[in-house]
1. What lysines does Lys292 reach when the alpha-carbon gap must be under 19 Å and sequence neighbours fewer than 8 apart in one chain are set aside?
2. Determine, from the Cβ-Cβ distance of Arg303 and Asp112 and an R0 of 60 Å, the FRET efficiency 1/(1 + (r/R0)^6), rounded to the nearest 0.05.
3. Extension gain Thr332-His288, at 0.36 nm per residue separation less the Cα-Cα distance, in nm?
4. Please report how far the C-alpha centroid of segment 260-296 lies from that of segment 106-170, rounded to the nearest whole angstrom.
5. Can you tell me the order of 385-395, 349-359 when each peptide is scored by its average per-residue count of other Cβ atoms within 10 angstrom, highest first?
6. Hey, fewest Cβ within 10 Å first, where do Ser348, Ser138 land in order?
7. Based on the alpha-carbon gyration tensor of segment 202-319, what equivalent-ellipsoid semi-axes (square roots of 5 times the eigenvalues) come out, in whole Å, largest first?
8. Given the Cα atoms of segment 285-396, and with Rh set as the inverse mean 1/r over their pairs in the Kirkwood sense, what is Rg to Rh to two decimals?
Amino acid sequence: MQDAPLTQPDDATLNHLVTLIQPLLRSPWALVSIDTTGATQRLCAHPNFTATSSLIATPLSGTGFHLLHASDENAATLPLLCSLLAAWLQQWPSPHLPALCEHSPQALLLIDIQRERILAANAAAARLLQSTRAELCSLPAKVMLPGLAHCADTTAAQALEVCSGDGQSFQLTAYLVPHPTLSSAVRALFLEDPRALRHWQEQARIHEGHLHLLIDHLPSLVAVLDTDYRYLFGNQLHHLWFKIPSQALVGQALEEVLDEITLARLQAPLRGAQRGESARVEADLPTHQGEKRVEFQVLPWPREGRVCGIYLIAHDISEHRRQDNTHALETTHDALTALPHRHSFMQSLRAAMSRRSRSGRGMALLYLGVDGMRMLNESFGMEYGDQVLQHLARVLHASIRATDFAARIDGDEFAIILEALEQPEADARRIADKIIRQLDQPTRIAGRPSRLRISMGIVIIGAHTHSGVDLLITEGNTAMYHAKNDGRGGIHITRP
């Protein structure tokens, strides 16, 4: 449940809040109240503060107010700052300090510097100083904080010598913050252990090393660019694809790595990233491993409310596209001969008939089969028979025009659609003779000298032919068997 906002602080308190926040929060900020409708009212703000959608709103516990800030780079001091702001906005009576900061991970003490007494301490301070809160408040401050007398009265970070409950002496980082509503002698003391910070930094370096190792071994190209499209980072895949070591990439322009065509494809997504937009685009990318089909992801790198760089990630989708193309081919083509199959042929024949009815130009359907195919299979084996069909498919493909359509109908039966014929019968007969002559040439199939003979039926489709495609296929099949009966290796012409 959201806390109800307190009464707006007076100008003196707000002025003091500004002097408190400025040294501890470097990025632009604003202190606001947010009502149940989401409307905001600004109490005070950094001179350079600008409202953007990327702001982080950190609630101030128990007040209903929020601190808006542009980034989390002040993570070390932000919890302290929010605790102090919450306390100040509630006029911070000292008995409330432990309750306000009890669950904060930051060590916080309330100190009377004139009496040299610790007035209150949260649980994190007790753990850090290895004492109970009762012990901290019962002893003179100089026992636990011998360096306090040397601390400057400033909110800036400074070194402070402390003594733990077991008598060990060590240094902490301290922030000494005055309070405007209590005695001028009262200070809030925020403590940080630099050893913990060094440990965190070391862990961060280790994690960064792990991250770099992981990114270097990703199967995708990863680049971080500045807003001028120059490399800040590139993973090891750059060396495999472009023969550029990762360390040599820094400072290079993107145009020095990618080819002009790919760079042109990326121009619009790169400009969009400058505006905070993400995009995906495919391109054929030349590399030292050959041309690859890649999908680029172009992502903005936002920081403090603006785009300070661009992430460019390229996924190699060549194999995926090959599989897609193979699958698409398998759904329309015969796997053995790579010619379109019966279903594709029927669709093409319907489309050709529709075009003929509009143009009025002649058409022909050639329907052919291999003579003695069963004997060839029985004599030389099915593998030889398969290579016979593959050889026939190659001859058909080489013998017809680019506008014609050849397909494998079933078994050893094939069909061809001839369109836009000026003299349908003569033109169809000429192409049929060409195919028969080519197949009659001696060749080697499966290492065996071979000559193929086919029988062919030709269906002439004139301006007044209105037969459906199924009937035309039947006519062609019948005409082929007439050719076989008339003597193998022949042609039979019919007009439906």
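1. Lys243
2. Calculated transfer efficiency: 0.90.
3. Answer, rounded to one decimal: 12.4 nm.
4. Centre-to-centre distance over Cα atoms comes out at 58 Å.
5. Details: 385-395: 19.1, 349-359: 14.6.
Averaged packing, sorted descending, gives the order 385-395, 349-359.
6. Ranking Ser348, Ser138 by Cβ neighbours within 10 Å, fewest first, gives Ser138, Ser348.
7. Details: eigenvalues 90, 75, 33 Å².
Working through the eigenvalues yields semi-axes of 21, 19, 13 Å.
8. Computed over Cα atoms, the ratio is 1.27.
All of the numbers you see were taken from the coordinates with simple rules; none came from a lab. A quick note: this is a predicted structure, and the numbers were derived from the prediction, not measured. Neighbour counts run over all protein chains shown; Cβ positions are idealised from the backbone, glycine included.
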